[in-house]
Every structure is written in structure tokens, then in C-alpha cells.
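Engineer: Right, I'll just put the structure down here and ask away after.
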Amino acid sequence: MTVGIEVLHRRPQPVVSVRQTVPIAELTRAQGESLHALWRHLSERGAVPAGPPFVRYHTFDDFKADARTDVEVGVPVQAEVTGAGRVVRGELPGGTAGVTVHLGAHDRLQDAYARIDAWLADGHKADGPAWEVYEWIDLAGEPDPSSWPDPADWRTEIVQPIL
């Protein structure tokens with residue numbers, strides 16, 4: 001087993017999210033817009049997040065010049081929060097997952113995915129797409145990148161559901 005992977009048993013987690021297919025080159029902008037849409041959605045309903053936001057890539061092909069990704073940006077919520085418009089209600093799956101943590105800026109996030117990939121190759125089977133939990137973002141307040149910690153201090157959890 002690869003060092004740095006913890007096996008956890010997770011409960012299903014209700015979420016609200018925005019899912020869209022965007023060019024890789026526009027990913028940062030699209031994620032920022034989605035975070036603001038989620039914050040507005042929660043604020044309008046007097047709801048607070050049940051945890052930090054996540055990003056889940058349902059597809060990601062960065063090897064083509066015109067690469068696009070099917071990306072979901074979401075936030076865990078209490079069961080009573082509903083969706084509206086492009087913000088939809090959903091669920092992060094429960095069950096067994098391999099979890100690793102990346103500390104620092106996302107220019108080295110591929111190292112955490114390499115740990116997950118090596119661990120999967122060592123006898124585990126993925127059960128759907130992984131997701132990234134952005135522990136430095138709190139959607140209880142309006143998302144403001146200028147108030148976020150230095151990227152060197154970011155803590156991002158990678159959750160890979162397994163069979």
C-alpha cells in the first residue's frame with residue numbers, strides 16, 4: 001500500500017452543486033463563478049454549508065489542444081436545502097474511499113493524484129470519480145480569493161471512492 005492513503009468509510013453527504021462542461025483554459029473562472037453562485041444560493045435561503053466546498057471532475061482530458069472538462073463544484077449542506085436554477089441538489093456517495101491530502105498550491109496537486117493512482121494499481125478499484133475538498137474556503141461568507149491563505153498553506157483532501 002502506498003504511504004499517505006487512508007481508507008475511510010463515509011456516509012452519503014447531501015450537496016448543492018453546479019455542474020458544467022468548460023474548456024480547461026476557463027476552469028479557474030468557471031470554478032470561481034460556481035462558488036459565488038453556491039454562496040448566493042445558500043445566502044438567499046439562510047442556509048450554511050455543512051463543510052468546505054468540493055470540486056469533482058467527471059471527465060478531464062488535458063491532452064488535447066481544445067480540451068474540455070465536465071466539472072462539478074459543490075458544497076455539503078443539511079438535508080433541507082433545495083436546488084434552483086443551475087444549482088442542483090445531489091449527494092456525494094457514501095461507502096469506502098481512499099483519501100490523501102495535498103498541502104500547498106495546486107501546481108503540485110498531480111502528486112496527490114499520483115499517490116491515489118499508485119494505490120489503486122496496488123489492488124484497489126475506483127468506484128466513480130474522485131473529488132477535491134478545498135479546506136481553506138468557507139462558503140459561510142462570500143468567496144474572496146484575496147482573503148484566502150497563501151497557496152503554500154492550502155490543504156486539499158482528495159477523496160477516491162472504491163469498491
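The values are calculated or read from the model by the stated rules, or taken from the named source; none is laboratory data. These figures come from a predicted structure and were not determined experimentally. No Cβ is skipped: glycine too gets one built from the backbone with ideal geometry, and neighbour counts run over all protein chains shown. Accessible surface is based on the protein model in full, side chains and every heavy atom, while ligands, DNA and RNA are left aside. Shrake-Rupley method; radii C 1.70, N 1.55, O 1.52, S 1.80 Å.
Engineer: How many residues are closer than 11 Å to VAL73 by Cβ and free of Cβ contacts under 8 Å to residues at least 12 places away in the same chain when one looks only at region 34-57?
Structural biologist: 0
Engineer: For region 31-47, does any single residue satisfy the condition of being touching a Lys or Arg at 6+ places or on another chain (Cβ under 6 Å) and open to solvent by 10 Å² or more (accessible area, probe 1.4 Å)? Before the answer, list the steps.
Structural biologist: Here is the first cut: in region 31-47, the ones touching a Lys or Arg at 6+ places or on another chain (Cβ under 6 Å) are none.
The answer is no; no qualifying residue exists.
Engineer: To continue, here is another question. For residues in region 48-88 being charged (D, E, K, R) and in contact with a helix residue (DSSP H, G or I) (Cβ under 8 Å, 6 or more places away or on another chain), which is surrounded by the fewest Cβ atoms within 10 Å (Cβ to Cβ)? Can you show your working first?
Structural biologist: First, pick out the residues of region 48-88 that are charged (D, E, K, R): 56, 61-62, 64, 66, 68, 70, 72, 80, 86.
Okay, now just the ones that are also in contact with a helix residue (DSSP H, G or I) (Cβ under 8 Å, 6 or more places away or on another chain), so 62, 68, 86.
Numbers: ASP62: 9, ARG68: 18, ARG86: 13.
Filtering region 48-88 for residues that are charged (D, E, K, R) and in contact with a helix residue (DSSP H, G or I) (Cβ under 8 Å, 6 or more places away or on another chain), the one surrounded by the fewest Cβ atoms within 10 Å (Cβ to Cβ) comes out as ASP62.
Engineer: Run ALA114 past the list (1) open to solvent by less than 60 Å² (accessible area, probe 1.4 Å); (2) farther than 16 Å from THR156 by Cα; (3) without any contact (Cβ under 8 Å) to a residue 40 or more places away in the chain; (4) small (Gly, Ala, Ser) and report the number of the one that doesn't hold.
Structural biologist: (2)
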